[in-house]
Amino acid sequence: MPHPPLLLPELVTGAVTDTGALRAACVRAAKQLAQAAPTWIAVSSGSLTCGNTLGTFRGYGVDVIVSLTADPAGTTPDPAMPLPLLVAAWLRGEAAADHVRPELVDPAAPVAERLALGERLAASEGEVGLLVLGDGSNRHPGPAGHADERAPGYDALVSRALAEADPEALLDLDPELAAELNVTGLPAWQVLAGVARHGGRRWRAELLYSQAPYGVGYHVAVWS
């Protein structure tokens, strides 16, 4: 799923209705994940480490404190917690999951490393849910400007791959074009591909949302 700050109602008081469908899809997916596994691994593109389980959206305008665990240690939120982990922590609370372990993927890592990480995660013991966080292109027509005519086609490929639980299609996505279109989700999606290819298991998918409401491609899907 995506990780825009606008998922939080407190941050979009004037546009809660406009963002309602995306928010509802994300919360629905999170609750389905929590039903399958109370412990999550949150995979997203990034290189910053996070040594605190508490974070705050203060840097985005409202001091909403969120936690990566239902029983956080300490009381001081980390103001530098990366946005994908803030959203993961917020979703954990919305879905009443127990714990989220971050797994940040270097955006410069080669595909082979992403696949290897996915295979290691797939071999995790116990019931573990994978929360995959990443946005599509921010070059769609919209208020942000800088539209690129290639963005809708690229996100259509992403949407189809997620809707069909097709790991090979995720691996076929063009990384150079992704960089040109500011697609942040590709590293995490390809880790998902590594998970899905592990052990020869069959997957089914449900696409809950796939639009670009503010000029950014947002996709919400559940694989099981």
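Read-outs: derived from the displayed coordinates by stated rules, not from any lab. What you see is a predicted model, and the numbers here were worked out from it, not measured in a lab. Neighbour counts are summed over all protein chains in view; Cβ atoms, including those assigned to glycine, are modelled from backbone coordinates with ideal geometry.
Run through the DSSP bridge list for segment 5-223 and note the antiparallel percent, rounded to the nearest 5. DSSP beta bridges in segment 5-223 are roughly 40 percent antiparallel.
A simple spin-label model places pseudo-atoms 7 Å from Cα toward Cβ; at Glu168 and Thr69 they are separated by 4.2 nm.
Of the GluC sites (Glu not before Pro) found in segment 128-224, those that fall in a DSSP loop while having at most 12 other beta-carbon atoms within 10 Å are Glu149. Kirkwood-type hydrodynamic radius, segment 122-224: 14.0 Å, calculated from all non-identical alpha-carbon pairs. Please list log₁₀ I(q)/I(0) at q = 0.12, 0.16 Å⁻¹ for segment 150-205, using the Debye equation with identical point scatterers on the alpha-carbon positions. Those come out to -0.26, -0.45, one per q. Computed over the Cα atoms of segment 24-82, the ratio of the radius of gyration to the Kirkwood radius (Rg/Rh) comes to 0.98.
One Cα centroid belongs to segment 173-224, the other to segment 1-72; the line between them spans 18 Å.
Taking each DSSP H run with n ≥ 4 as -39500 (n - 2.57) and averaging over every residue of the chain yields -10500 deg cm²/dmol at 222 nm. Between Gln211, Gln35, Gln190, the GNM of the chain built on Cα springs shorter than 10 angstrom shows Gln35 fluctuating the most.
Geometric descriptor of segment 5-223, per residue, is 116 Å³ (volume of the convex hull of the Cα atoms).
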